[in-house]
Amino acid sequence: MPLPTKIHSYNVYYGEKAQKFAGITEEVTMPDFDAITEALNGAGILGEIDEPMVGRFGANEIEIPFRTYAKEVFQIMEMGDAISLTLRISTQAMEQSTMETAFLPSRIVIKGKNKGISYGSVKAGAGAAPTVKIEILYFKIEVSGTEEFELDKINFVYKVHGKDLLAKVKKQI
């Protein structure tokens, strides 16, 4: 199994089939997923415990910055439309036995709603840095063809490393 070492390259695509190039971006910061919690305290407990609810997370957003104003960027800036973005990633890796370089595919799928736009700035000889802010309703990470994380807030899906962590809950309700 190759040892992943760094992201070599990636591109951003939009649309359900992820076939349309979304524009040039430099760095996309991945979202944090903070579980919704409730404080638990009382008799028999020494202090307070913040008990996380499995599969329930607070509001999540991601900002996708682009280099310049391009037609493709404006196509994903429409308010009210569902947005589907896919980051296709090539991860550089090292074969542990031979030390040769290998490349592993990964994919991140983000679906949600546009919740903000920044048009950046204009400066001669520099990028404009327009940004689209997306409220995340669906988020999936695949590494080398294996689903490692999937959260679908609308359709009650929460999976980690292929395991449906809400399977028992769905059977009970």
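Readers should treat all values here as calculations from the given coordinates under stated rules, not as data from a laboratory. Keep in mind that this is a model prediction, so the values were computed, not measured. Cβ placement follows ideal geometry from the backbone for every residue including glycine, while neighbour counts extend to all protein chains displayed.
Here is how the numbers come out for the structure above:
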item	result
Options 168, 111, 159, 163; residue that is without any contact (Cβ under 8 Å) to a residue 60 or more places away in the chain, more than 29 Å from residue 73 (Cβ to Cβ) and buried (at least 17 other Cβ atoms within 10 Å of the Cβ)	159
Among (1) loosely packed, with under 13 Cβ neighbours inside 10 Å; (2) small (Gly, Ala, Ser); (3) closer than 28 Å to residue 155 by Cα, the one test that residue 22 misses	(1)
Unmet requirement for residue 96, which otherwise passes all of (1) part of a loop (DSSP other than H, G, I, E, B); (2) closer than 13 Å to residue 10 by Cβ	(2)
Test for residue 72: is it surrounded by 15 or more Cβ atoms within 10 Å (Cβ to Cβ), farther than 30 Å from residue 35 by Cα, acidic (Asp, Glu) and over 17 Å from the mean Cα position of the chain (by Cα)	yes
Test: residue in the range 32-49 that is surrounded by 14 or more Cβ atoms within 10 Å (Cβ to Cβ) and within 15 Å of the chain's Cα centre (by Cα)	no
Filter result for residue 109 (closer than 30 Å to residue 165 by Cβ and either under 14 Å from the mean Cα position of the chain (by Cα) or not in a strand (DSSP E or B) (or both))	yes
Unique match (being of a type in the set (Gly, Ala, Ser) and in contact (Cβ under 8 Å) with a residue 40 or more places away in the chain) among 47, 23	23
Matching residues, the range 8-66, being among the acidic types (Asp, Glu), farther than 30 Å from residue 168 by Cβ and part of a loop (DSSP other than H, G, I, E, B)	16, 26, 27
Flag for residue 80 being in a strand (DSSP E or B) and either touching a helix residue (DSSP H, G or I) at 6+ places or on another chain (Cβ under 7 Å) or surrounded by fewer than 17 Cβ atoms within 10 Å (Cβ to Cβ) (or both)	no
Meets criteria (outside any loop (DSSP other than H, G, I, E, B) and of a type in the set (A, V, I, L, M)) for residue 1	no
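Here's the yes/no breakdown for (1) surrounded by 15 or more Cβ atoms within 10 Å (Cβ to Cβ); (2) in contact with a helix residue (DSSP H, G or I) (Cβ under 6 Å, 6 or more places away or on another chain); (3) in a strand (DSSP E or B):
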| site | (1), (2), (3) |
| --- | --- |
| 85 | yes, no, yes |
| 116 | no, no, yes |
| 123 | no, no, no |
| 126 | no, no, no |
| 135 | yes, no, yes |
| 140 | yes, no, yes |
| 151 | yes, no, yes |
